[in-house]
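The values are calculated or read from the model by the stated rules, or taken from the named source; none is laboratory data. All values derive from a computational prediction rather than experimental measurement. Here Cβ is always computed from backbone atoms with ideal geometry, including for glycine, and neighbour counts include all displayed protein chains.
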Amino acid sequence: MQHIKGKEITILFDGKKCIHARNCVLTQPEVFKAGVKGDWIFPDNASAEDIAILAQICPSGAIQYERNDGSKNEAAPKVNTARVSENGPVIVRGELEIDGEAAGNRATLCRCGKSKNKPFCDGAHSADGFAATGEIPIIEAQALDNRDGKLSITSLENGPIIIAGNLEVLMGSGKKSTTTQKMALCRCGASANKPYCDGSHVKIGFKTS
């Protein structure tokens, strides 16, 4: 994790989580200067508020921030969500704990099985031609008493990702598919019930390392 300190805000950048959504270089090109040699992140080239807003739309959590001006840092969302993207990863937002470690409020989880940075997406789904709809079925479920709180994400060796906590599962379009407090997320790419695990990882001999 890189810490690039500015006068009012410090930008935290984790290149291992980056999925190259390009929100940063398109929204704040004077702060995130793509294609240059050497330093490429310049926190003082925009207001701290604008950088904070930009960080919060980074889907992978690769960009985070710490305020140096006494303002509040990023708060966990009031509604935990897992959005299933079309032909791509599951985008999770909440107070995340991944494999026992605090992981910020945003992450993109691989569901094609090809990422070299599991459990995170590294863009391998595009090169591999992974195809899986984001418009998943609506599943009737009881409303959650609480919609926020910690989300515990556990990567099972050679198996699925278990997400535990209050969670709304969203289609890629943003429509609500269901609510749950525990789900097994396919990450081998072979489930016939994507995004959920159906045990196909055993049949195909899926390996996580």
*Please verify whether the stretch 40-57 includes one or more residues that are in contact with a Ser or Thr (Cβ under 9 Å, 6 or more places away or on another chain), polar (S, T, N, Q) and at pLDDT 95 or above.*
no
*Could you list, in sequence order, the residues of the stretch 96-132 that are over 14 Å from residue 19 (Cα atoms), assigned to a strand (DSSP E or B) and touching a Leu at 6+ places or on another chain (Cβ under 8 Å)?*
96, 97, 102
*Give me a count of the residues in the stretch 12-34 that are more than 24 Å from residue 118 (Cα to Cα) and not in a helix (DSSP H, G or I).*
7
*Given 135, 101, 140, 97, which one is surrounded by fewer than 13 Cβ atoms within 10 Å (Cβ to Cβ) and closer than 25 Å to residue 1 by Cα?*
101
*asked:* Take the conditions in the same structural domain as residue 114 (by TED's automatic domain parsing) and out of contact with any Asp or Glu (no Cβ under 8 Å at 6 or more places or on another chain) and apply them to residue 138. Does it pass?
replied: yes
*Taking residue 120, is it assigned by TED's automatic domain parsing to the domain that holds residue 160, within 15 Å of the chain's Cα centre (by Cα) and of a type in the set (Phe, Trp, Tyr)?*
yes
*asked:* Being in the same structural domain as residue 159 (by TED's automatic domain parsing) and hydroxyl-bearing (Ser, Thr, Tyr) is the requirement here; does residue 108 meet it?
replied: yes
*Could you please tell me which pairs satisfy a Cβ distance under 7 Å, a separation of 6+ or placement on different chains, a first residue in the stretch 40-51 that is in contact (Cβ under 8 Å) with a residue 40 or more places away in the chain, and a second residue that is among the polar types (S, T, N, Q) and surrounded by 15 or more Cβ atoms within 10 Å (Cβ to Cβ)?*
51/28
